[in-house]
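Participant: Take a look at this one; I'll ask things after.
No lab work stands behind these numbers, since they all come straight from the coordinates. Keep in mind that what you see is a predicted model, and the values were worked out from it rather than measured. Here the Cβ positions follow ideal geometry from the backbone for every residue, glycine too, while neighbour counts run over all protein chains shown.
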Amino acid sequence: MARGKHLAKRSVRLPARLLAIGAGLGTLAIFSNLDPLKVEVHGSTSHLAVGALTLGVLIATAVDTLVHLIAEPEGPRAATIARRLLPVHLSLGSAAALFLLAKPVIGFAAYPLLLAPLLATFHAFRQLGQVRRTFDQTITSLARIPEIAGYSHVGHARRVSELARATGKVLRLSDKDVDAVGIAARLHDLGRMQAQQPEEIASLDPSALAAGGASVVRMSGALPGVATIIEHQHDRFIDDNGRLNENLPIGSRIVHVASIFDDLTATGADAHSTEEALAIMDRGRGRRFDPAVLDAFTRVLTARGK
Amino acid sequence: MISKRGTSIRLGAFIALCAASAAGTLAWAVLASGPIDWGAVALFGVLALLAETFAVTTAVGSTYSVTFVITIAAATVMGPAGAVIASLFGTTGILDASKRPPIKHLFNASQIVLATAAAAHALHLIAGSNPSFGRSLGAVTVAAALNFVLNTGLVSKAIGLSTGQPTQAVWREQFLGLAPAYLAYALLGLLLGILHVAVGWGSIVFFLVPLFVARNAFRSAIELQDAFDRVVSTLVAAVEHKDPYTSGHAERVSRLAERVARSYGKSPQDARAIRYAALMHDVGKLAVHNAVLQKPSSLTDNEHQHMRRHTEHGAELASGIDLLAGVLDGIRHHHERWDGLGYPDGLAGEGIPLAARIITVADAFDAMTSTRAYSRARTLEEALDELARCAGTQFDPSAVAALKRTIEHDGWTLPDESELTDEDPCHATSHHEPDHGHAHTAPHLTGISHGSR
């Protein structure tokens, strides 16, 4: 299940949608004997060119997807966008077809009445958008608990989450997995709340804290996969016996790297520069850290000009 | 009070009456009508079945289903007899989709047949055989109203009989808000019927695609809403895990606060917002250090200050969530006192938001009537007396009165001992004096300096 907010900002969505509808109607006009703008049916009226309509819907979806991709290259990949936009254009296409069929029969009453099924769709999608937003905001709020309490640095969870998502993309994870890594990164310090007070954290076993945080997330049952990533966020790539930790989730490896980088670069007066931090972390390459993840992470930093 | 046996006899009689009326209606519809177009009956029957199969049920039990659209379309195309038979097909979809007892199927099928028959006959009588569009609109509005009244009325009556709630209250709270949907569905049904007659069955496909897409979006929204609720209850569970005196406390306070809000004449939506606020009123304790929250001995002044900040922390956490915008006040101000000596802002009297005043009283009531490590639970009467004693100083007198009314009217089940035993035994020792426990366990008249958290 996609957990993101909207696919893109409103300033992208609206022009994309309009352009797509235009392309769809154009297709319909070219490949059928219908003139959608004048709502006239030229020639044979007994059947609608279903093929032209299907093509129109597909082209509209493609155009919409393309605009999204161009406007926000950091967003989800094409297949994910198209999958979420197709139902919208399917609804619009069906309404257009119905309108073309009904206009000659029921006249101007077709205008308001044929909007009805579209309004139902619009209402449903708005509700879905609202719940998506609420869910996302809830995760953000949860992530702020350790920061409000002084158990982790302000902004740490957000920065780690952004870096982790970007690294996941460079590693070509699925959009679903990228979302899971992002959420896990936001919540990765939740387990610190088990400490009696902030000063105590340094003396506690990080893995035990992580396991506690994971158990809270797991208890909710709402975020499949996220709890496991949190649980193993401190696990080493090569364990103490020199064995490769094959079962270590890729999400945990990413959060591990991103979190330590932010710890090194963001902590007040003794903060390290990006180069220093990467040099320090490179000592753990192939031992503490997965080399592939470390490379991808470095590429993310380079791309961001850090 | 009605005995359980008496209830089930009356419910059984009611369902039998519905079933008999439905059977009579069905027989009359089939016998009295002219020849029936069985092809159209099959088409609309299958559509009704699909509509029921793909119905989406929300967590609170209301259902998004377009069956009524199909029924009205069938009535427009075939008249009452065909519509009733097609709607009966739809009810077999309910049969497959759930594992409810047969008696419920019988009742559901009966009430659907009755409501459909009434709507279809009204449509037929008013619109006549070849109606103008305007006349059809009038007819379909009447049909929608009849269907709505019968459908929701009969279901409310059945719920009322089986749960002992007043029928009217059930209807008002659960179904009244659905009236516009019935009208919208009826209009869609009329349109579908007209299109079917004029254009043919192909139009139905185009018509149903947007509705199906809408249905899928609704289902995703419901799943996410469910996930949100689970995250919220996890938060509450996490608070109770940190503060083991409070097992089940938030849930009870939220139930009580919602009822008190209702008795204040708040709308169901407002009461639900207060319920959420009450559920999350202590969520800020998540950001309170365990060393303070779980300290078995008296808190120092600094620790008190830290503890008190849970009201602000809670509001801050909830402030990031748009959905909870209406409940922030309830969370932030649930430790204010009527006399202005509370925290965090020292608000007094009507200056304290009503939601917070209600939560304060419900919070105190539950704290007093549940067994805490340091004190035995008080009886219901003792707790109400204590609230009354502190009304006007710590508590809003009208909120205390509303809580008393609610409890006397609806009753209140005190928490079970077994619910409360998962306390850390090392905390259940005698050095835990009541006056540094929760302020409301023993309401203080002397002011906040008296060690209230």
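Participant: When the Debye formula is applied to the Cα atoms of the stretch A:185-300, each taken as the same point scatterer, what base-10 log of I(q)/I(0) results at q = 0.18 Å⁻¹?
Facilitator: -1.01
Participant: Here is a follow-up. Report Rg (one decimal) and Dmax (nearest whole number) for the protein assembly as shown, counting Cα atoms only, units Å.
Facilitator: Values for the protein assembly as shown (Cα only, Rg and Dmax): 31.0, 94 Å.
Participant: Please list the three semi-axes, largest first and in whole Å, of the ellipsoid equivalent to the stretch B:238-323, using sqrt of 5 times the eigenvalues of its alpha carbon gyration tensor.
Facilitator: So the equivalent ellipsoid measures 27, 14, 11 Å along its semi-axes.
Participant: Apply 1/(1 + (r/R0)^6) to the Cβ-Cβ distance of B:VAL46 and B:ALA291, taking R0 = 45 Å, and write down the FRET efficiency to the nearest 0.05.
Facilitator: Once rounded, the FRET efficiency stands at 0.10.
Participant: Taking only Cα atoms, what is the 0 to 90° angle, nearest 10, from helix A:50-71's long axis to the longest principal axis of chain A?
Facilitator: Long axis of A:50-71 versus the principal axis of chain A: about 40 degrees.
Participant: How large, in Å, is the stretch A:162-220 by the Kirkwood hydrodynamic radius built from its alpha-carbon pairs?
Facilitator: Hydrodynamic radius (Kirkwood, Cα pairs) of the stretch A:162-220 is 12.6 Å.
Participant: Using all alpha carbons of chain A, what is the percent of pairwise distances in each 20 Å bin, ordered from the shortest bin to the longest?
Facilitator: Distribution as computed: 28, 43, 22, 7, 0 percent.
Participant: If you average the sequence gap of Cα pairs under 8 Å that are 6 or more apart and divide by the length of the stretch B:305-348, what percent do you get for the contact order?
Facilitator: Relative contact order comes out at 31 percent.
Participant: Of B:LYS266/B:LYS404; A:LYS9/A:LYS176; B:LYS242/B:LYS404; A:LYS169/B:LYS285, which pairs sit farther than 27 Å apart, going by alpha carbon to alpha carbon?
Facilitator: From B:LYS266/B:LYS404; A:LYS9/A:LYS176; B:LYS242/B:LYS404; A:LYS169/B:LYS285, over 27 Å: B:LYS242/B:LYS404; A:LYS169/B:LYS285.
Participant: Taking N as the number of residues in the stretch B:102-176, what is its alpha-carbon radius of gyration divided by 2.2 N^0.38 Å?
Facilitator: 1.31
Participant: Which whole-number percent gives the relative contact order of the stretch B:100-152, counting Cα pairs below 8 Å spaced six or more residues apart?
Facilitator: Relative contact order here is 45 percent.
Participant: 7 Å from Cα along Cα→Cβ at both B:GLU408 and A:ASP295: what's the point-to-point distance in nm?
Facilitator: So the two model labels end up 7.8 nm from each other.
Participant: Ignoring everything except DSSP H segments at least 4 long, calculate the 222 nm mean residue ellipticity for chain A; use -39,500 (n - 2.57) per segment, divide by total residues, nearest 500. Walk me through the numbers on the way to the answer.
Facilitator: Values: 11 runs with 199 residues, N = 306.
So the helix-based figure for chain A works out to -22000 deg cm²/dmol.
Participant: Given contacts defined as C-alpha pairs under 8 Å and at least six residues apart, what's the relative contact order of chain A, whole-number percent?
Facilitator: Value for chain A: 14 percent.
Participant: Going by alpha carbons, how many degrees (0 to 90, nearest 10) lie between the helix axis of A:291-303 and the longest principal axis of chain A?
Facilitator: 60 degrees
Participant: Take the alpha carbon gyration tensor of the stretch B:160-306, find the square roots of its eigenvalues, order them as a ≥ b ≥ c, and report rounded if a/c is under 1.5; if not, report prolate when a/b exceeds b/c, else oblate.
Facilitator: On the way: a/c = 4.30, a/b = 2.30, b/c = 1.87.
Prolate is the answer for the stretch B:160-306, as a/c is 1.5 or above and a/b outweighs b/c.
Participant: Ranked by Cβ crowding within 10 angstrom, fewest neighbours first, how are A:VAL67, B:VAL142, B:VAL239 ordered? Before the final figure, lay out the partial values.
Facilitator: Working: A:VAL67 20, B:VAL142 17, B:VAL239 23.
Ranked by crowding around the Cβ, least crowded first: B:VAL142, A:VAL67, B:VAL239.
Participant: How big is the gap, in Å, between the Cα center of the stretch B:186-236 and the Cα center of the stretch A:235-257?
Facilitator: 45 Å
Participant: Specify the angular offset, from 0 to 90 degrees and rounded to the nearest 10, of the alpha carbon long axis of helix A:110-148 from the longest principal axis of the alpha carbons in chain A.
Facilitator: Relative to chain A, helix A:110-148 is tipped by roughly 10 degrees.
Participant: Given a Förster radius of 51 Å and the C-beta distance between B:TRP28 and A:LEU19 as r, what FRET efficiency does 1/(1 + (r/R0)^6) yield to the nearest 0.05?
Facilitator: Numbers: r = 57 Å, r/R0 = 1.12.
The value I calculate is 0.35.
Participant: With 21 Å as the cut-off, how large is the P(r) tail for the stretch B:177-252, expressed as percent of Cα-Cα pairs?
Facilitator: For the stretch B:177-252, the share of Cα pairs beyond 21 Å comes to 57 percent.
Participant: Right, another one. Starting from the Cα-Cα distance between B:ASP37 and B:SER298, subtract it from 0.36 nm times their residue separation and give me the gain in nm to one decimal.
Facilitator: Residue separation times 0.36 nm, minus the Cα-Cα distance, leaves 85.7 nm.
Participant: Now for a separate question. With the dipole of the stretch A:220-294 worked out from charges on the C-beta (+1 for Lys and Arg, -1 for Asp and Glu) around the Cα centre, which of A:GLY286, A:SER220, A:SER273 lies farthest toward the positive end?
Facilitator: Of the candidates, A:GLY286 comes out farthest on the positive side.
Participant: Okay, moving on. Please give the FRET efficiency for A:ALA303 paired with A:ASP239, using the beta carbon to beta carbon distance and R0 = 41 Å, rounded to the nearest 0.05.
Facilitator: Numbers: r = 32 Å, r/R0 = 0.77.
Calculated transfer efficiency: 0.80.
Participant: Between B:HIS105 and B:THR379, how many nm apart are label points set 7 Å from Cα along the C-beta direction?
Facilitator: Here the modelled spin labels are 5.1 nm apart.
Participant: Separate question: Give, as ranges by residue number, the residues of the stretch A:189-209 whose backbone N falls under 17 Å from the point 7 Å along Cα→Cβ of A:ASP270.
Facilitator: A:199-204
Participant: Binning at 10 angstrom from zero up to the longest distance, how are the C-alpha pair distances of the stretch A:187-238 distributed in percent?
Facilitator: Per 10 Å bin, starting at 0, the Cα pair percentages come out as 28, 50, 20, 1.
Participant: Sticking with this one: How far apart, in nm, are two points set 7 Å out from the Cα along the Cα-to-Cβ line at A:THR54 and at A:ALA79?
Facilitator: Reported label-point gap for A:THR54 and A:ALA79 is 2.2 nm.
Participant: Convert 37 °C to kelvin, take the viscosity as 0.692 mPa s, use the Kirkwood radius over C-alpha pairs of the stretch B:273-368 as Rh, and evaluate the Stokes-Einstein diffusion coefficient in µm²/s, rounded to a whole number.
Facilitator: So the translational diffusion coefficient is about 242 µm²/s.
Participant: May I have the extent of the alpha carbons of the stretch B:78-202 along their three principal axes, as whole Å values ordered from largest to smallest?
Facilitator: Taking max minus min along each principal axis of the Cα atoms, the stretch B:78-202 gives 47, 29, 22 Å.
Participant: Related question: Have a look at the stretch A:62-172 and give its Rg and Dmax from the Cα atoms, expressed in angstrom.
Facilitator: Every Cα atom of the stretch A:62-172 included, Rg and Dmax give 21.1, 69 Å.
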